[in-house]
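What follows is one structure encoded as C-alpha cells, with my remarks underneath.
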Amino acid sequence: MTTENIFADAPIIYSYTREDALDDGTLVDVSGPATESGIKYPVAMTRTCWDTWVAVPKGLEGWQDAEGRLWDTLWMLRVAISQQRGACDTIRYTVIFQMPTGRGAKKPYKQVYADLKAICGPGDRGEPVITIMLPEED
C-alpha cells in the first residue's frame with residue numbers, strides 16, 4: 001500500500017477563492033464595522049445570512065436600518081468571542097431581531113431569536129478571517 005498523494009502534481013482545474021465570493025456577492029464584506037466593534041480580523045457574512053437578518057424586512061423600513069441590524073450582529077459576535085474559553089474555530093451565538101408580524105397583529109413587529117455561526121479560518125493567503133453564516137451553512 002502506498003501513501004503517496006496522487007494529486008500532488010495535478011494541475012488545478014478551478015479554484016473559487018474568498019476574494020471571488022466577495023466580488024460576486026456570495027459574501028458581503030463587513031470588516032469596517034467589525035473593526036469598529038472590536039473584532040481584529042477581516043469579517044464577511046454570507047449573502048443568505050445578510051438577506052435573512054441584516055437586510056431590513058418590508059414593513060420595518062421606517063425605524064430599522066441595515067447598519068443598526070449589522071451592528072447588533074457584530075456586537076453580539078464580539079461578546080461571544082470575549083466569552084469563549086479556549087481555542088476554537090467556530091462560535092455559535094444568538095442575536096435578537098425585530099421582524100414583521102403580519103396582518104392583523106397588535107404590533108407590527110415581534111422579537112425573533114436568530115442563531116448564527118461564525119467560523120474563523122484561513123483566507124486566500126492563509127491569514128485569519130471570520131465568516132458569519134446561518135447555522136446550516138458551511
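Applying the criterion of being of a type in the set (Lys, Arg) and in contact with a Lys or Arg (Cβ under 8 Å, 6 or more places away or on another chain) to the residues of region 78-132, the residue that is nearest to residue 46 (Cα to Cα) is 117. Looking across region 97-115 at every residue that is out of contact with any Pro (no Cβ under 7 Å at 6 or more places or on another chain) and surrounded by 11 or more Cβ atoms within 10 Å (Cβ to Cβ), the one that is farthest from residue 35 (Cα to Cα) is identified as 110. Taken over region 110-130, the residue count meeting the criterion of being in contact with a helix residue (DSSP H, G or I) (Cβ under 8 Å, 6 or more places away or on another chain) and either β-branched (Val, Ile, Thr) or in a strand (DSSP E or B) (or both) is 5.
Cβ separations smaller than 7 Å between residues 6+ apart or across chains give the following pairs from region 37-65 residues that are in contact (Cβ under 8 Å) with a residue 40 or more places away in the chain and under 23 Å from residue 24 (Cα atoms) to residues that are part of a helix (DSSP H, G or I) and of a type in the set (Gly, Ala, Ser): 42/31; 43/31; 43/34. Scan region 33-61 for residues that are more than 20 Å from residue 121 (Cβ to Cβ), under 14 Å from the mean Cα position of the chain (by Cα) and in a helix (DSSP H, G or I) and jot them down. 33, 51, 52, 53, 54, listed by residue number.
No lab work stands behind these numbers, since they all come straight from the coordinates. Keep in mind the model is a prediction, meaning the values are calculated, not measured. So basically every Cβ, Gly included, is an ideal-geometry build from the backbone, and we count neighbours across all protein chains shown.
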